[in-house]
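The values are calculated or read from the model by the stated rules, or taken from the named source; none is laboratory data. Owing to the predicted nature of the structure, the values given are computational and were not obtained by experimental measurement. Virtual Cβ from ideal backbone geometry, glycine too; neighbours counted across all protein chains shown.
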Amino acid sequence: MIRIAYLGSLNFTRNGTQNNYETRIRTTDGEAVKKIEEEFNTLFYDNNYPERSIQLWGQRLYHEPIN
């Protein structure tokens, strides 16, 4: 069985798929795929990471003027 991993910044929009310069890699190297999968599972399932609200992140990154 061939296992494949893709990593990158591709946005699934018209511009992202047709006009923008996006970064991505594709690998079938078994050891690399295994390490990528392990890292993903650690980040996705590890209960020691605090939950973050997307709204909270946005407020910290982009300061909106008060209307």
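Take the residues in the stretch 12-31 that are more than 13 Å from ILE2 (Cβ to Cβ) and assigned to a helix (DSSP H, G or I); name whichever of them is nearest to the chain's Cα centre (by Cα). Walk me through it before giving the result.
First, the residues of the stretch 12-31 that are more than 13 Å from ILE2 (Cβ to Cβ): 12-25, 31.
Applying the additional criterion that residues be assigned to a helix (DSSP H, G or I) yields 14-18, 31.
Details: ARG14: 19, ASN15: 18, GLY16: 15, THR17: 16, GLN18: 20, GLU31: 20 Å.
The selected residue is GLY16.
For the stretch 32-48, which residues satisfy the criterion of being surrounded by 12 or more Cβ atoms within 10 Å (Cβ to Cβ), within 16 Å of the chain's Cα centre (by Cα) and modelled with pLDDT of 90 or more?
In the first step, residues of the stretch 32-48 are kept if they are surrounded by 12 or more Cβ atoms within 10 Å (Cβ to Cβ); the result is 32-37, 40.
Still in the running and within 16 Å of the chain's Cα centre (by Cα): 33, 35-37, 40.
Within the stretch 32-48, VAL33, LYS35, ILE36, GLU37 meet the criteria.
For GLN59, only one of the following conditions fails: (1) at pLDDT 80 or above; (2) of a type in the set (S, T, N, Q); (3) part of a helix (DSSP H, G or I). What is its number?
(1)
List the residue pairs whose Cβ atoms are under 6 Å apart, where the first residue sits in the stretch 31-50 and is at negative phi, the second is of a type outside the set (A, V, I, L, M) and surrounded by 12 or more Cβ atoms within 10 Å (Cβ to Cβ), and the two are 6 or more positions apart or on different chains.
Here the result reads VAL33/ARG3, each pair linking the stretch 31-50 to a residue that is of a type outside the set (A, V, I, L, M) and surrounded by 12 or more Cβ atoms within 10 Å (Cβ to Cβ).
Filter the stretch 40-57 down to residues that are closer than 26 Å to ALA5 by Cα and of a type in the set (S, T, N, Q), then give me how many there are.
Selection size over the stretch 40-57: 4.
Take the stretch 13-67 and flag every residue that is out of contact with any helix residue (DSSP H, G or I) (no Cβ under 7 Å at 6 or more places or on another chain) and of a type in the set (Val, Ile, Thr).
Listed by number, the residues that qualify are THR13, THR17, THR23, ILE25, THR28, VAL33, ILE36, THR42, ILE54, ILE66.
Could you list, in sequence order, all residues of the stretch 1-11 that are out of contact with any Gly (no Cβ under 7 Å at 6 or more places or on another chain) and either in a strand (DSSP E or B) or modelled with pLDDT under 90 (or both)?
At the first step, the residues of the stretch 1-11 found to be out of contact with any Gly (no Cβ under 7 Å at 6 or more places or on another chain) are 1-2, 4-9, 11.
Residues satisfying the conditions are MET1, ILE2, ALA5, TYR6, LEU7, GLY8, SER9, ASN11.
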